[in-house]
């Protein structure tokens, strides 16, 4: 199993960099070089002509869609909903908890936080098949997530991806914002083992992001300990650094410790050295201290400070850090320190000298019996050997008792029983392995143990750690259609808004927001209309009149392409409102595409009023440049709308035996034998394009994966409808893919109130006519 992104490090199985570079933004008078943001946040720059402004009217070459009369505004609530009362928040949270398989106690009284968490998980299509596991993590999140970190954590959670891969290299891995599992885990090791892996890797994710960006500790020449997150490593003055390191025991040991405490009650980890070291720290300093260290972004700094406060020299601290991240002891063993010695010295300084008389502490030390650390010299070797030997005498007796309890001799301990705190009490636990049809079955064994008498009081077997499936039963089309219709939310309130703001200079723009909002059932936020909790900084709210006015014109241009009830039909299942949020700032300062605000889960489209390029979509600017009359703002909003549309389609598809838009259906539109590159590297794409039949693809970036191919094809189709001008050269193969998108939209949406042909269908029909 792997460790915590580079920083809390053992091994990373996947290299994923999510670093958003800063982008120089300017007003609409002058446009710098166009810069495209790829899916992983990297930038590529190309010189283009200025196109940051655009008249409010689109080209008249193609007719606009037929529109029904807009409802007249009536007295209605403000675009920002009223805050829920405590009782209302509790009632709603308990309804959702029942769906998630959680009890009231597991919500920890954090009713609003749970609603935010639930909506993020339930609408993240990247965790399909694993939502039940993520719901089970809410008690851990509620116990350790600080309110000031909620927004950044939920943003990471909203983009988390969990999936299986075919590999013989590992059981599971975590890196950046992805968790992957060996697809053969269940086949060879069973569902219970797979669940152990999922809990372990997901704990890494929680550890990595629950307190902001993590990093390493740096011991400087001036004697200070300094923390630098990885994104700031370039700012470190290494001439002043004595030593730097992560804290390895907290990475893997912590993942096992909290997985065990919250879910499984025992561990299959073959080397629980880090786990036992943390148990020792908890015994000496208490649970709160260890929790604070583990879930902090600067874990290693806090640990080093604790050692220094308890009399450890800087040399000893460096030796300990080196020990926690090594998988073998070098010839010069004096460079390391036995972690059991560290615990003993901490005990002496914190509690007193009688450590050898403390039966529980002795058993903790005995649980740290590992060949790796046994090679490290220590003045406490005699004591360590004595307590380890004494603990070993219990092994055969304990195994015999367990075999008798389970009724078979074909049962084995994965580890010698070791110590851990469960519900505040120190227990001995281990994982028992039995076999069914030659496949292992894992069961946690919990010993209620009298440490003074060295005897077992009772034995508990626990195997109920696999969460109940909450995945949806797939139905025939007619049955699924009937069910799906009941899962849409009413959006009439959004069609009857009264928008009022406090800035008199923006009064006509408030009126425009009201007009567009009522027509399309969308809340439009800017300036003082923007509620808290949808942007990371108040400084990014859009107040500049000229930019807001221009942005609303661009938004109107795009919305005019869609039937007026299109966005109503995005309110599926857990979405309860749609909003467009204007902002001025860096792309990465946007909140996730959904946000829970005062009792409603909003599907949000973000529009940068100072945009100079299509951001967040590989190839988005490539397509936009084919349509010089379209602005980057319009192109990006079109991509965002498709992303949301496909997300809702994915949520709907869970109910259908034969879903409409799938990767397999889409891939079938390519030529036989083609495989997507699965890489965003520009050079690789260029080389791959040279040996690919490119008549099947809109541009090179469409070769990345099916999802990127779809979004770029959609962008082309909608920009064609927006500008009324065909750049030319569309192949019949690409037209077939556009037809696939059109059919999917027709199948997924109720089109009874739509015109005979939508704007995009009319645009494409003109190409076909040519």
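The values are calculated or read from the model by the stated rules, or taken from the named source; none is laboratory data. Remember, predicted model here, so these are calculated numbers, not experimental data. Note that each Cβ is placed from the backbone with ideal geometry, even for glycine, and that neighbours are counted across all protein chains shown.
Quick notes on this structure:
- Scanning region 403-435 for residues that are more than 35 Å from the chain's Cα centre (by Cα), assigned to a loop (DSSP other than H, G, I, E, B) and touching a residue at least 24 places away in the same chain (Cβ under 8 Å) yields 408, 410, 416.
- Given (1) surrounded by 14 or more Cβ atoms within 10 Å (Cβ to Cβ); (2) more than 17 Å from residue 397 (Cβ to Cβ); (3) over 33 Å from the mean Cα position of the chain (by Cα), number of the condition residue 440 does not satisfy: (3)
Listed here are the residues, each with its yes/no results for (1) at pLDDT below 95; (2) within 30 Å of residue 574 (Cβ to Cβ); (3) buried (at least 21 other Cβ atoms within 10 Å of the Cβ).
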site: 646; (1), (2), (3): yes, yes, no
site: 655; (1), (2), (3): yes, yes, no
site: 659; (1), (2), (3): yes, yes, no
site: 664; (1), (2), (3): yes, yes, no
site: 696; (1), (2), (3): no, no, no
site: 709; (1), (2), (3): no, yes, yes
site: 716; (1), (2), (3): no, no, yes
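- Selection over region 697-735 of residues that are touching a residue at least 40 places away in the same chain (Cβ under 8 Å) and part of a helix (DSSP H, G or I) gives a count of 21.
Matching residues to (1) at pLDDT below 90; (2) in contact with a strand residue (DSSP E or B) (Cβ under 8 Å, 6 or more places away or on another chain):
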position	(1), (2)
102	no, no
106	no, no
111	no, no
114	no, no
117	no, no
124	yes, no
138	no, no
143	no, no
152	yes, yes
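Residue-by-condition table, conditions (1) without any contact (Cβ under 8 Å) to a residue 60 or more places away in the chain; (2) under 16 Å from residue 416 (Cα atoms); (3) touching a strand residue (DSSP E or B) at 6+ places or on another chain (Cβ under 6 Å):
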position	(1), (2), (3)
330	yes, no, no
336	yes, no, no
352	yes, no, no
356	yes, no, no
361	no, no, no
368	no, yes, no
379	yes, no, no
388	yes, yes, no
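- Qualifying residue in region 181-192 (condition: at pLDDT 80 or above and touching a strand residue (DSSP E or B) at 6+ places or on another chain (Cβ under 6 Å)): yes
Yes/no per residue for (1) more than 25 Å from residue 531 (Cβ to Cβ); (2) in contact with a strand residue (DSSP E or B) (Cβ under 8 Å, 6 or more places away or on another chain); (3) at pLDDT 90 or above:
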site	(1), (2), (3)
599	no, no, no
604	no, yes, yes
614	yes, yes, yes
624	yes, no, yes
639	no, no, yes
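- Within region 736-770, considering residues that are free of Cβ contacts under 8 Å to residues at least 60 places away in the same chain and farther than 20 Å from residue 562 by Cα, the one surrounded by the most Cβ atoms within 10 Å (Cβ to Cβ): 768
- Any hit, region 678-690, residues being free of Cβ contacts under 8 Å to residues at least 40 places away in the same chain, assigned to a loop (DSSP other than H, G, I, E, B) and either touching a helix residue (DSSP H, G or I) at 6+ places or on another chain (Cβ under 6 Å) or crowded, with 20+ Cβ neighbours inside 10 Å (or both): no
- Tally of residues being surrounded by 22 or more Cβ atoms within 10 Å (Cβ to Cβ) and in a helix (DSSP H, G or I) across region 526-540: 1
- Looking across region 546-569, the residues that are closer than 24 Å to residue 596 by Cβ and outside any loop (DSSP other than H, G, I, E, B) come down to 555, 567, 568, 569.
- Qualifying residue in region 277-288 (condition: over 20 Å from residue 358 (Cβ atoms) and surrounded by 18 or more Cβ atoms within 10 Å (Cβ to Cβ)): no
- Any pair with Cβ under 8 angstrom, 6 or more apart, that starts in region 603-630 at a residue that is at positive phi and ends at one that is assigned to a loop (DSSP other than H, G, I, E, B): 616/39; 619/698; 619/699; 619/704
- In region 346-369, residue farthest from the chain's Cα centre (by Cα) [restricted to those that are assigned to a loop (DSSP other than H, G, I, E, B) and surrounded by 15 or more Cβ atoms within 10 Å (Cβ to Cβ)]: 358
Conditions tested, residue by residue: (1) at pLDDT 95 or above; (2) over 29 Å from residue 714 (Cα atoms); (3) more than 31 Å from the chain's Cα centre (by Cα).
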site: 519; (1), (2), (3): yes, no, yes
site: 525; (1), (2), (3): yes, no, no
site: 531; (1), (2), (3): no, yes, no
site: 534; (1), (2), (3): no, no, no
site: 548; (1), (2), (3): yes, no, yes
site: 553; (1), (2), (3): yes, no, yes
site: 557; (1), (2), (3): yes, no, yes
site: 563; (1), (2), (3): yes, no, yes
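- Set side by side, the residues 543, 575 differ, and just one is crowded, with 22+ Cβ neighbours inside 10 Å and part of a loop (DSSP other than H, G, I, E, B), which is 575.
Condition check ((1) within 30 Å of residue 419 (Cβ to Cβ); (2) assigned to a helix (DSSP H, G or I); (3) touching a strand residue (DSSP E or B) at 6+ places or on another chain (Cβ under 8 Å)) across all residues:
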position: 460; (1), (2), (3): yes, no, yes
position: 472; (1), (2), (3): no, no, no
position: 480; (1), (2), (3): no, yes, yes
position: 501; (1), (2), (3): no, no, no
position: 509; (1), (2), (3): no, yes, no
position: 515; (1), (2), (3): no, yes, no
position: 519; (1), (2), (3): no, yes, no
position: 524; (1), (2), (3): no, no, yes
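- If you go through region 247-303 and keep only what is over 23 Å from residue 373 (Cβ atoms) and part of a loop (DSSP other than H, G, I, E, B), you end up with 265, 286, 295, 296, 297, 298.
- Taking region 531-553 as the range and being closer than 17 Å to residue 610 by Cα and in contact with a strand residue (DSSP E or B) (Cβ under 7 Å, 6 or more places away or on another chain) as the test, the residues that pass are 535, 540, 541, 542, 548, 551.
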